[in-house]
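**Student:** First the structure, which I've put down as structure tokens, then a few questions once you've had a look.
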Amino acid sequence: MKRRIRNLARKTMRLAAGLLPRSSRNALLRNAVRCEETPPDNLVFKLAETREELEACFKLLHEAYVGAGFMQPDESGMRVTLYHALPTTTTLLAKYDDQVVGTISLIRESALGFPLQRIFDIDAIRAEGGNIAEVSALAVHKRFRMRGGLVLFPLMKFMREYAVKYFDTRHLVIAVNPRHIPMYEGLLCFRRLRQNPVSHYDFVNGAPAVGAHLDLKKMPELYRRAYAHQPPSKNLHRYFLELKLKHFQFPDKRFFTTNDPVMTPELINYFFNQRTDAFRRASQREKVLLHGIYDLPAYKAYLPPLPDDSFRTELKRRQHQRFSVMCPAGFHVRQPDGQRSRVYPMRVIECSRTGFRAQCEESIPLDAEGVAFVELGEADRCMLRARVLRHGRSSDAIAMFKLVEPDPVWLKFVRALRMARTHDELGDATQFLSESRPLSTPT
């Protein structure tokens with residue numbers, strides 16, 4: 001009976017909120033917040049890494065989506081999409097007494113784009129600079145849906161911290177059902193995308209959808225203003241940005257990479273061939289892109305076959321794989337007087353065998369040649385002689401560098417990124433970096 005009363009109260013508040021002006025609706029929602037500052041010790045948040053964890057997440061997602069009418073029941077009892085197969089997608093989970101009770105996924109940009117790009121234009125967000133990630137596949141176990149402060153809020157907090165610290169993300173984008181957008185706007189300070197709501201979104205069984213965006217760089221100030229006068233139990237600025245929770249288990253990473261892939265060939269085969277028909281339903285373009293992403297021989301037997309030579313020809317054009325990283329670096333350029341070097345602080349954000357892309361604190365002249373000192377991880381570094389090839393299309397603070405001469409440590413690092421199938425394997429890739437050498441800074 002109590003549960004029915006709570007459900008009725010929540011539905012009544014949602015209906016009432018929908019009739020209010022936005023400012024009044026936001027105030028009503030924020031006043032209803034209750035933060036659990038000390039979650040129980042048996043509640044933990046981590047990446048989904050094992051077959052059991054991933055399967056539990058996909059089953060929880062299936063239950064929630066079928067119940068909400070966002071998908072038809074699948075005989076596997078799981079909701080698995082092609083995006084879950086990508087190394088640029090990370091699935092996060094909440095466990096209570098070792099049972100998965102919450103899940104959410106972050107999808108970084110890849111050759112497949114984002115799911116919401118089917119219906120929403122995000123070029124204006126892209127023009128602001130910084131990496132974008134789509135928040136997707138959110139589900140909370142029905143036992144905990146009425147207690148947002150216990151599972152949902154810490155799961156969202158874990159997602160934000162992971163996105164900023166490990167996923168190198170500035171912008172979060174979402175496509176949600178119109179009945180859920182008040183929560184994202186009123187509580188989490190998302191802003192609707194300019195396009196009108198879409199009445200038919202095939203990614204969620206034709207349900208209507210609203211697009212929204214949160215700039216994580218601006219989030220502290222947005223939350224500070226929104227929750228300035230709220231007590232601690234209702235203050236999401238304090239909760240998301242100041243409170244430290246011991247329940248978060250972040251990945252232990254050797255290198256400053258931004259992706260944490262977990263899909264081994266065996267997991268790929270299990271989820272996308274054996275348990276579901278996700279690969280069989282892929283378009284021809286998606287099949288080509290999957291072969292470009294998973295180009296290691298161990299995966300080839302489990303990927304959908306390519307239909308003809310024309311697609312193989314297209315695949316061959318994708319040379320010199322690029323890998324997303326966030327490596328602190330400095331570019332030392334000898335001054336005209338030959339006496340000293342000028343140092344340009346920067347951060348390497350993408351690397352390949354032949355060069356790298358960096359975000360610089362100030363513009364570096366075109367064709368400038370010098371030495372880049374790059375921190376590959378806490379204990380791994382390399383020294384590269386490189387030349388500025390060109391600037392970014394929208395900003396001179398982005399520079400593309402071409403290696404002037406190959407560097408063994410760099411080549412081993414890039415090879416490790418290519419050969420390691422999961423983030424755990426990358427952490428054990430000592431054999432790729434065995435020839436590391438000490439660095440000396442030029443004067």
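**Student:** Which residues, counting only those in the range 245-274, are open to solvent by less than 40 Å² (accessible area, probe 1.4 Å), within 13 Å of A301 (Cα to Cα) and not polar (S, T, N, Q)?
**Tutor:** P265, L267, I268, Y270, F272
**Student:** Please give the number of the condition K412 fails out of (1) over 18 Å from V325 (Cα atoms); (2) free of Cβ contacts under 8 Å to residues at least 24 places away in the same chain; (3) of a type outside the set (A, V, I, L, M); (4) surrounded by 14 or more Cβ atoms within 10 Å (Cβ to Cβ).
**Tutor:** Here K412 clears every test but (1).
**Student:** Given the structure, is S394 among the small types (G, A, S), over 29 Å from the mean Cα position of the chain (by Cα) and modelled with pLDDT under 90? Quick ask: steps written out before the conclusion?
**Tutor:** Numbers: among the small types (G, A, S): yes; over 29 Å from the mean Cα position of the chain (by Cα): no; modelled with pLDDT under 90: yes.
So S394 does not fit the description; no.
**Student:** May I pose another question? Please work out if G77 is over 29 Å from G292 (Cβ atoms), at pLDDT 95 or above and part of a loop (DSSP other than H, G, I, E, B). Don't jump to the end; show me each part of the working.
**Tutor:** On the way: over 29 Å from G292 (Cβ atoms): yes; at pLDDT 95 or above: yes; part of a loop (DSSP other than H, G, I, E, B): yes.
Criteria met by G77.
**Student:** Output yes when any residue across the range 210-219 is in a helix (DSSP H, G or I) and surrounded by 16 or more Cβ atoms within 10 Å (Cβ to Cβ), and no when none is. Even if it seems obvious, please write down each step before you answer.
**Tutor:** Initially, the range 210-219 is screened for residues in a helix (DSSP H, G or I), giving 219.
Narrowing further to those that are surrounded by 16 or more Cβ atoms within 10 Å (Cβ to Cβ): 219.
For the range 210-219, residues in a helix (DSSP H, G or I) and surrounded by 16 or more Cβ atoms within 10 Å (Cβ to Cβ): present.
**Student:** Just need a number here: residues in the range 295-343 that are loosely packed, with under 12 Cβ neighbours inside 10 Å and modelled with pLDDT of 95 or more.
**Tutor:** Residues meeting the conditions: 0.
**Student:** Here is a further query. Condition (residue is at pLDDT 80 or above, open to solvent by less than 80 Å² (accessible area, probe 1.4 Å) and more than 18 Å from the chain's Cα centre (by Cα)) applied to the range 87-97: is it met by at least one residue? Please lay out each step first, then the result.
**Tutor:** Narrowing the range 87-97 to residues at pLDDT 80 or above: 87-97.
Filter once more, keeping what is open to solvent by less than 80 Å² (accessible area, probe 1.4 Å): 87-96.
So of that shortlist, the ones also more than 18 Å from the chain's Cα centre (by Cα) come out as 95-96.
Within the range 87-97 (the criterion being at pLDDT 80 or above, open to solvent by less than 80 Å² (accessible area, probe 1.4 Å) and more than 18 Å from the chain's Cα centre (by Cα)), the answer is yes, since at least one residue qualifies.
**Student:** Examine the range 56-65 for a residue that is farther than 21 Å from G206 by Cα, among the basic types (K, R) and at pLDDT 90 or above, and state whether such a residue exists. Don't jump to the end; show me each part of the working.
**Tutor:** Initial filter on the range 56-65 (farther than 21 Å from G206 by Cα): 56-57.
Now narrow it down to the ones that are among the basic types (K, R): none.
There is no residue in the range 56-65 that is farther than 21 Å from G206 by Cα, among the basic types (K, R) and at pLDDT 90 or above.
**Student:** Sticking with this one: Can you say whether R353 is closer than 27 Å to G427 by Cα, assigned to a loop (DSSP other than H, G, I, E, B) and not aromatic (F, W, Y), as far as the supplied structure shows?
**Tutor:** Values: closer than 27 Å to G427 by Cα: yes; assigned to a loop (DSSP other than H, G, I, E, B): yes; not aromatic (F, W, Y): yes.
Considered against the rule, which asks whether it is closer than 27 Å to G427 by Cα, assigned to a loop (DSSP other than H, G, I, E, B) and not aromatic (F, W, Y), R353 comes out as yes.
**Student:** Next question. Can you tell me how many residues in the range 232-268 are among the polar types (S, T, N, Q) and assigned to a helix (DSSP H, G or I)?
**Tutor:** Filtering the range 232-268 down to residues among the polar types (S, T, N, Q) leaves 233, 235, 249, 257-259, 264.
Add one more test, that the residue is assigned to a helix (DSSP H, G or I), and what stays is 233.
Looking only at that region, the number is 1.
**Student:** Also, quick follow-up: Looking at E52, is it free of Cβ contacts under 8 Å to residues at least 12 places away in the same chain and either outside any strand (DSSP E or B) or of a type in the set (K, R) (or both)? I'd like the intermediate steps shown before the answer.
**Tutor:** Values: free of Cβ contacts under 8 Å to residues at least 12 places away in the same chain: yes; either outside any strand (DSSP E or B) or of a type in the set (K, R) (or both): yes.
Judged against the criteria, E52 is a match.
**Student:** Counting just the residues of the range 344-354 that are over 24 Å from the mean Cα position of the chain (by Cα) and at pLDDT 95 or above, which one comes out most open to solvent (accessible area, probe 1.4 Å)?
**Tutor:** Across the range 344-354, the extreme among qualifying residues is P345.
**Student:** Follow-up. Could you tell me which of the residues G206, G292 is at positive phi and surrounded by fewer than 20 Cβ atoms within 10 Å (Cβ to Cβ)? Please lay out each step first, then the result.
**Tutor:** Details: G292 fails: at positive phi.
Of G206, G292, the one residue that is at positive phi and surrounded by fewer than 20 Cβ atoms within 10 Å (Cβ to Cβ) is G206.
The values are calculated or read from the model by the stated rules, or taken from the named source; none is laboratory data. Not measured: the values here are computed from a predicted model. For neighbour counting, all protein chains shown are included, and Cβ atoms are generated from backbone atoms with ideal geometry for every residue, glycine included. Surface areas here come from the heavy atoms of the whole protein model, side chains and all, with no ligands, DNA or RNA. Shrake-Rupley method; radii C 1.70, N 1.55, O 1.52, S 1.80 Å.
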